[in-house]
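What follows is calculated from the coordinates using simple rules that are stated; it is not laboratory data. None of these values were measured; they are calculated from a predicted model. Virtual Cβ from ideal backbone geometry, glycine too; neighbours counted across all protein chains shown.
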Amino acid sequence: MGSIYLIRHGQASFGADNYDVLSPVGIRQSEVLGMHLAQLGLRFDRCLAGELRRQQDTAQHALAQVQAAGIEVPRLEIDSAFDEFDADAVIRALLPALLPEEPEALHILRNAKENRAEFQRLFSLLVARWVSGNHDTDGLESWLGFVGRVQAGLQRILEQAEPSHNIAVFTSGGTITALLHLITQMTATQAFELNWQIINTSLNQLKFRGREVALASFNSQTHLQLMKAPELITYR
């Protein structure tokens, strides 16, 4: 059987003008991941990332550590199928209808860094509306459209894979959530309950035989736990 390793990006710059940049912690998480992969002696036949900077930079920092250990790494391929859904677009499209129930929502979202718990609560509400399909908006990628995009990316990988290939996909939490939904057939709501638990740079392993895919492990964070540095365990 072959393996696909879904790797969430390192910590991004939450609350900054440009979220799509790894924080210093995110860079360190990526380097620790790479050292862990090298210690495992894991050799990848293909490495892919989405188009987002945080995904590609996580891959570059991690794979540099693997290469420094004398293990050959393949060229990083880019496939937009593994991009995260546009969270900002979801918020902009669905927030107006939520304001009558949550009059402080705009202030909280504009000051997310100082209101992390409330931001997460509101974001969860907005995502639940998006996933329901009852609030689809012109110009906004729907949940079903997002799932279809991710599924097409997975199918392309499977079509090109050899039976024993090890494949790394550096991606994001929402993309991993969509794949959990597809592979385990859990509901979208259940999948997003798991989404909120996905650690930055965690490893999620899929096993495949032909077109058949199964979840082998979820949210492995051993590489970070072994560092005994709690600040490396982050969720956003």
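Once Lys and Arg get +1 and Asp and Glu get -1 on their Cβ, which of T201, L144, L125 lies farthest toward the positive end of the dipole of the chain?
Among T201, L144, L125, the one farthest towards the positive end of the dipole of the chain is T201.
All other residues with a Cβ under 15 Å from the Cβ of D45 taken together, and with Lys, Arg as +1 and Asp, Glu as -1, what is their net charge?
My count for the surroundings of D45 gives +1.
Which of R46, R156 comes first, and how do the rest follow, when ranked by fewest Cβ neighbours within 10 Å?
Ascending Cβ contact count within 10 Å gives the list R156, R46.
For G10, enumerate residues with amide H under 5 Å from its amide H, sequence gap 5+ or separate chain, H modeled in the peptide plane.
Amide H neighbours of G10: T58, T201.
Tilt of helix 116-132 relative to the longest C-alpha principal axis of the chain, in degrees (0 to 90, nearest 10)?
It works out to around 90 degrees.
Largest first and to the nearest Å, give the Cα extent of region 86-140 along each principal axis.
31, 23, 16
Which of T58, T184, T175 moves the most in a Gaussian network model of the chain with Cα springs under 10 Å?
Top of the fluctuation ranking is T184.
Note down the Stokes-Einstein diffusion coefficient of region 1-137 in µm²/s, whole number, using a Kirkwood radius over alpha carbon pairs, 37 °C, and 0.692 mPa s.
In µm²/s, the coefficient is 193.
Report, in degrees rounded to the nearest 10, the 0 to 90 angle that the Cα long axis of helix 53-68 makes with the longest principal axis of the chain.
Tilt relative to the chain: about 20 degrees.
How large is the charge dipole for the chain, taken about the Cα centre, if only the Cβ atoms of Lys, Arg (+1) and Asp, Glu (-1) carry charge, to the nearest 20 debye?
640 debye
Where does helix 143-160 land angle-wise versus the long Cα axis of the chain, in degrees 0 to 90, nearest 10?
10 degrees
Output the Kirkwood hydrodynamic radius of the chain, Cα pairs only, in Å rounded to one decimal.
One decimal place: 18.3 Å for the Kirkwood radius.
DSSP beta bridges in the chain, what fraction antiparallel, as a percent rounded to 5?
50 percent
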